[in-house]
1. May I ask you to list the residues in region 214-269 that are of a type in the set (Asp, Glu) and surrounded by 16 or more Cβ atoms within 10 Å (Cβ to Cβ)?
2. Would you point out the residue of region 231-287, among those that are of a type in the set (S, T, N, Q) and assigned to a strand (DSSP E or B), that is nearest to Lys305 (Cα to Cα)?
3. Go through (1) of a type outside the set (Phe, Trp, Tyr); (2) within 25 Å of Asn74 (Cα to Cα); (3) touching a residue at least 12 places away in the same chain (Cβ under 8 Å) one by one and return the number of the condition Leu285 breaks.
4. Given the structure, is Lys188 crowded, with 17+ Cβ neighbours inside 10 Å, outside any loop (DSSP other than H, G, I, E, B) and among the basic types (Lys, Arg)?
5. I need the full set of residues from region 123-134 which are surrounded by 19 or more Cβ atoms within 10 Å (Cβ to Cβ) and in a helix (DSSP H, G or I), in order please.
6. Evaluate the following for Leu218: is it hydrophobic (A, V, I, L, M, F, W, C), assigned to a helix (DSSP H, G or I) and in contact with a Gly (Cβ under 9 Å, 6 or more places away or on another chain)?
7. Taking the condition of being part of a helix (DSSP H, G or I) and either buried (at least 19 other Cβ atoms within 10 Å of the Cβ) or in contact (Cβ under 8 Å) with a residue 40 or more places away in the chain (or both), how many residues in region 7-41 meet it?
8. If we keep just the residues of region 103-122 that are in contact with a strand residue (DSSP E or B) (Cβ under 7 Å, 6 or more places away or on another chain) and in a helix (DSSP H, G or I), which is surrounded by the fewest Cβ atoms within 10 Å (Cβ to Cβ)?
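The values are calculated or read from the model by the stated rules, or taken from the named source; none is laboratory data. Please read all numbers here as calculations on a predicted model, not as lab measurements. Note: ideal-geometry Cβ built from the backbone for every residue, glycine included; neighbour counts use all protein chains shown.
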Amino acid sequence: MENNALIYVAGHRGMVGSAICRKLKEAGFNNILTQTSSELDLRNQVAVHDFFEENKPEYVFLAAAKVGGIHANNTYRAEFLYDNLMMEANIIHAAYKTGVKKLMFLGSSCIYPKLAPQPLKEEYLLTGALEQTNEPYAIAKIAGIKLCEAYRDQYGSNFISVMPTNLYGFNDNYDLNNSHVLPALIRKFHEAKENGNSTVTVWGTGSPRREFLFADDLAEACLYLMENYDGRELVNIGTGEDVTIKELALLVKEVVGFEGELVFDTAKPDGTPRKLMDVSKLHSLGYKHKTELLEGISLAYADFKEKYTAPALS
């Protein structure tokens with residue numbers, strides 16, 4: 001990408017989009033185009049097409065999505081499928097119609113079959129049934145990957161797809177009803193410490209294994225691949241390392257300084273037993289993550305305390 005190129009970051013206020021904007025600016029890209037959801041409804045095809053026609057972005061990072069944890073995915077199944085399908089279809093089609101030089105679509109590790117072999121290789125896509133609790137979101141993301149492939153195959157569009165693992169970091173979502181596991185734990189432990197509680201309840205058995213990537217490392221990987229990868233096949237972005245939910249909870253407990261005990265609510269769902277990305281392709285392309293989990297949780301907790309604690313959450 002040229003330093004003065006016009007780059008559109010869809011979803012710039014989210015954790016991933018804001019991290020991409022930060023990394024772009026650090027790398028000297030200052031011609032960044034953004035729109036809030038109130039300024040541009042990405043589900044509206046005409047509005048998206050008009051926006052692309054008027055602004056003519058040269059590069060697009062498609063990080064906009066409706067996201068959430070197990071509870072949100074399972075409760076708002078229609079919205080997770082419809083909203084994500086509409087946003088990605090409108091942006092990808094408008095990018096093709098207006099001659100965007102290159103587009104990157106960001107998916108999710110939930111695209112892989114629930115019981116796929118571990119670690120998850122890129123070629124495991126569509127080889128088995130999905131995890132039921134987040135199937136609508138996964139199907140939407142799979143459709144985005146296939147849209148990029150189809151526009152490449154039919155029209156020669158340089159549209160690439162990357163699949164991040166579980167993410168956390170600055171500007172995360174700490175709403176206990178629809179957040180992901182790591183930010184939910186940060187908030188739970190913080191509030192338990194503040195309230196002098198003796199226990200913190202963690203959903204499930206604590207046995208599922210999960211991989212976590214600091215969002216700024218994802219953003220750095222996205223920028224790296226945008227400049228160095230033009231392949232049709234998707235690329236996993238992760239650390240290649242995982243921990244159990246219990247181990248994660250103990251790390252968060254340590255960072256927050258909570259002195260009580262953990263209680264596991266086994267009536268709540270565990271979700272997929274294990275999700276670990278095979279990142280050998282990413283490593284072979286020349287990128288490896290930099291932020292280890294304990295350091296990343298410490299950075300995220302500092303951000304949480306600065307932005308989201310009382311009175312913000314009261």
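1. Initial filter on region 214-269 (of a type in the set (Asp, Glu)): 216-217, 220, 227, 230, 233, 241-242, 247, 254, 259, 261, 265.
Of everything in region 214-269, those that are of a type in the set (Asp, Glu) and surrounded by 16 or more Cβ atoms within 10 Å (Cβ to Cβ) turn out to be Asp216, Asp217, Glu220, Glu241, Asp242.
2. Start the filter on region 231-287 by keeping residues that are of a type in the set (S, T, N, Q), which leaves 236, 239, 244, 266, 272, 280, 284.
Then drop every residue that is not assigned to a strand (DSSP E or B), which leaves 236, 244.
Numbers: Asn236: 31, Thr244: 25 Å.
Result: Thr244.
3. Only one criterion is unmet by Leu285, namely (2).
4. Values: crowded, with 17+ Cβ neighbours inside 10 Å: yes; outside any loop (DSSP other than H, G, I, E, B): yes; among the basic types (Lys, Arg): yes.
Considered against the rule, which asks whether it is crowded, with 17+ Cβ neighbours inside 10 Å, outside any loop (DSSP other than H, G, I, E, B) and among the basic types (Lys, Arg), Lys188 comes out as yes.
5. The first filter runs over region 123-134 and keeps only residues surrounded by 19 or more Cβ atoms within 10 Å (Cβ to Cβ), leaving 125, 130-131, 133-134.
Passing the criteria: Thr133, Asn134.
6. Working: hydrophobic (A, V, I, L, M, F, W, C): yes; assigned to a helix (DSSP H, G or I): yes; in contact with a Gly (Cβ under 9 Å, 6 or more places away or on another chain): yes.
Taking the combined requirement at face value, the residue satisfies it.
7. As a first pass, look at region 7-41 and keep what is part of a helix (DSSP H, G or I): 15-26.
Within this subset, residues satisfying the condition of being either buried (at least 19 other Cβ atoms within 10 Å of the Cβ) or in contact (Cβ under 8 Å) with a residue 40 or more places away in the chain (or both) are 15-24.
Total satisfying the criteria: 10.
8. Filtering region 103-122 down to residues in contact with a strand residue (DSSP E or B) (Cβ under 7 Å, 6 or more places away or on another chain) leaves 103-109, 111-112, 118-120, 122.
If we keep only those that are in a helix (DSSP H, G or I) as well, we get 109, 111, 122.
Details: Ser109: 23, Ile111: 25, Glu122: 18.
Among residues in region 103-122 that are in contact with a strand residue (DSSP E or B) (Cβ under 7 Å, 6 or more places away or on another chain) and in a helix (DSSP H, G or I), the one surrounded by the fewest Cβ atoms within 10 Å (Cβ to Cβ) is Glu122.
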